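Report on the following structure.
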Amino acid sequence: MDDLLCEALETVLKEYGSKGYVFWKEGIGHYSMLELPHPRNNDLVIEVSAMWNEVKPGGAIRVMVSVLDLKPKRFQVRVPSCSFAVLEDGRVDPPLGSQ
């Protein structure tokens, strides 16, 4: 994982990692994405979205973290992304610092 994506993931986990399962569960279907400024690069935005980890509702929630360039210098097909799971007991997998 590149440094900018690692920093984005750390930012999301610090800001929202302790919000718990109910926070992410309520977000599914009610908002499609959170946007945060990147902590080190003003030309980047961190996009965060939550979805069920499995096809059907229930169980773990998969949280996707992506880094988008607001001023791309060229067309990009791939957007740097990573994810973490929020388990029903509120634990985050992987926890902050395990990357």
>> Looking only at strands (runs of 3 or more DSSP E) that lie completely in segment 20-89, which have at least 2 residues being surrounded by 16 or more Cβ atoms within 10 Å (Cβ to Cβ), in contact with a His (Cβ under 6 Å, 6 or more places away or on another chain) and not acidic (D, E)?
In response: 44-52
> What residue, among those in segment 18-62 that are over 20 Å from D3 (Cβ atoms) and of a type in the set (V, I, T), is modelled with the lowest pLDDT?
Replying inline: V55
>> Going by what's in this entry, would L9 be described as in contact (Cβ under 8 Å) with a residue 40 or more places away in the chain and either of a type outside the set (G, A, S) or in a helix (DSSP H, G or I) (or both)?
In response: yes
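The values are calculated or read from the model by the stated rules, or taken from the named source; none is laboratory data. Quantities reported herein were computed from a predicted structural model and do not represent experimental measurements. Neighbour counts run over all protein chains shown; Cβ positions are idealised from the backbone, glycine included.
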